[in-house]
């Protein structure tokens with residue numbers, strides 16, 4: 001089963017849950033910027049939850065399917081279209097052989113994810129299928145997709161074959177190139193609204209009281225310098241009480257660090273492993289998917305929570321994913 | 001380990017930062033390495049990944065399997081058992097470098113800053129033994145300690161948009177090697193044909209913390225003839 005890239009989109013890469021265990025050698029975690037969309041899209045096509053998916057950015061790809069396929073699209077609200085007809089997101093989607101799927105426009109959000117039953121087949125590099133473009137390894141030849149690339153999918157699981165057969169019948173009856181069930185994954189699995197929740201970072205106390213106050217009360221705008229490595233924000237300056245030069249220390253995706261210009265940078269999936277800027281706060285894991293969907297020009301606000309809230313939010317997501325799995329089994 | 005307790009700091013709900021010092025300190029570095037090796041060999045419950053830096057260690061964990069207080073307690077117990085004076089099993093790695101010319105466009109500028117000849121800069125740089133303190137920032141990038149103080153040079157005022165992979169540079173009192181083509185402001189004095197990071201090599205990084213590094217001058221002809229991918233120094 002192959003899929004041809006007709007249009008690559010702005011920046012489309014293969015990503016999975018990331019590359020763990022290599023940060024000691026300076027290798028970033030990488031992986032889907034929106035790990036929730038990764039997990040949901042894969043489950044909807046009965047893949048292992050961390051199977052490789054395509055991650056499109058702002059303008060997604062146009063894909064042409066050489067054979068019948070079962071896919072799922074999740075993440076930002078992309079206008080997925082076949083022959084100009086909009087397709088539903090967050091559910092299994094049958095796509096007939098020869099069909100062109102366009103993911104070129106976003107309604108909201110920044111990144112969309114396409115899972116295919118069987119997973120996108122790329123070599124594992126350091127235990128992961130994720131593309132790390134800065135060093136040119138992982139994913140599809142270590143780079144974003146280009147027009148003409150031919151992607152391969154693995155073997156669908158039993159559940160995916162059952163759903164593909166059902167939906168193929170529906171599509172044939174309706175005389176359409178695609179079909180989807182009426183239901184979709186729970187709205188609980190979509191990124192919530194409200195401020196981004198943070199925990200105080202290691203240098204929280206080194207910042208002025210005014211800076212801490214600003215972070216939690218002012219709006220910060222997402223600049224155009226926003227990519228898989230970090231999102232640069234602009235807003236009221238955040239300053240440390242006594243500027244000192246810092247040793248390089250560990251940083252993680254979600255770390256909000258502040259260079260001397262006072263404008264914060266939130267590190268994301270391809271974040272460097274160490275950094276020397278003071279870390280004012282750290283976005284909680286459950287809110288990382290929301291970071292992935294920030295678009296330049298949008299404003300964000302932050303709210304400080306404690307570790308209990310952070311863990312509870314993560315637990316709730318895990319419970320929802322288990323419910324989704326159980327629900328999907330019941331459909332077979 | 002010695003009685004001075006490190007600082008334990010949260011880095012989000014899924015990482016603990018163990019900080020032994022907030023400045024360059026060889027003893028703090030040895031303690032980081034000792035704790036890193038202990039936890040790498042015998043991981044704590046829920047431990048996901050370790051990030052050793054100069055004077056601090058990041059411990060990433062699964063917050064649904066363990067908690068920060070439990071990880072902190074685990075670290076305290078291990079530290080009591082760890083010997084920080086245990087010899088570090090670092091290897092000696094020789095890195096061939098072609099100094100100057102197109103390979104080291106800033107060699108003459110560095111020499112001028114210090115009132116030295118380019119040959120004297122090369123002799124000093126290649127005459128010293130360096131210790132790999134950490135690998136970070138980008139895959140395989142070594143933070144090396146041991147630059148002769150006479151060679152300490154500020155970064156370039158205008159960073160280059162592209163520094164070729166293998167470039168050997170000086171920034172302040174540090175020297176390092178760029179593993180990949182990247183933008184950079186270090187003073188570039190030479191280039192090595194060795195690949196510092198190859199994802200299909202085991203281990204992928206040429207260097208590891210604790211390794212001792214020497215630079216060996218080679219000619220441009222030797223650089224050109226060097227087998228692609230380079231060898232183990």
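Going through (1) surrounded by fewer than 19 Cβ atoms within 10 Å (Cβ to Cβ); (2) assigned to a loop (DSSP other than H, G, I, E, B); (3) more than 12 Å from chain B (Cβ to nearest Cβ) one by one, residue A:140 falls short only on (1). For the criterion of being in a helix (DSSP H, G or I) and within 19 Å of the chain's Cα centre (by Cα), residue A:317 passes. Within segment A:96-113, is even one residue closer than 30 Å to residue B:182 by Cα and within 14 Å of chain B (Cβ to nearest Cβ)? No - not one qualifying residue is present in segment A:96-113.
Looking at segment B:39-82 only, could you name the residues that are within 30 Å of residue B:129 (Cβ to Cβ), in contact (Cβ under 8 Å) with a residue 60 or more places away in the chain and over 17 Å from the mean Cα position of the chain (by Cα)? Of everything in segment B:39-82, those that are within 30 Å of residue B:129 (Cβ to Cβ), in contact (Cβ under 8 Å) with a residue 60 or more places away in the chain and over 17 Å from the mean Cα position of the chain (by Cα) turn out to be B:79, B:82. Out of the residues in segment B:10-52 meeting the condition of being part of a strand (DSSP E or B), facing chain A (nearest Cβ under 8 Å) and in contact with a helix residue (DSSP H, G or I) (Cβ under 9 Å, 6 or more places away or on another chain), tell me which one is surrounded by the most Cβ atoms within 10 Å (Cβ to Cβ). For segment B:10-52, the residue satisfying everything is B:52. The set of residues in segment A:289-314 being within 12 Å of chain B (Cβ to nearest Cβ), part of a helix (DSSP H, G or I) and in contact with a strand residue (DSSP E or B) (Cβ under 9 Å, 6 or more places away or on another chain) consists of A:307, A:309, A:310, A:313.
Scanning segment B:77-84 turns up at least one residue that is in a helix (DSSP H, G or I), in contact with a helix residue (DSSP H, G or I) (Cβ under 7 Å, 6 or more places away or on another chain), surrounded by 14 or more Cβ atoms within 10 Å (Cβ to Cβ) and away from every other protein chain (no Cβ under 14 Å).
Taken over segment A:114-126, the criterion of being under 21 Å from residue A:66 (Cβ atoms) and either part of a strand (DSSP E or B) or within 14 Å of another protein chain (Cβ to nearest Cβ) (or both) is satisfied by A:114, A:115, A:116, A:120, A:122, A:123.
For segment B:11-38, a residue qualifies if it is within 26 Å of residue A:281 (Cβ to Cβ) and without any contact (Cβ under 8 Å) to a residue 40 or more places away in the chain, and the qualifying residues are B:12, B:19, B:20, B:21, B:22, B:23, B:28, B:32. The strands (runs of 3 or more DSSP E) located wholly in segment B:127-233 that include 1 or more residues which are touching a residue at least 40 places away in the same chain (Cβ under 8 Å) and surrounded by fewer than 16 Cβ atoms within 10 Å (Cβ to Cβ) occupy B:212-217.
Every read-out reported here was derived from the displayed coordinates using simple, explicitly stated rules and does not represent laboratory data. Computed from a predicted structure; not experimentally measured. Heads up, the Cβs are rebuilt from the backbone with ideal geometry, glycines too, and the neighbour counts pull from every protein chain shown.
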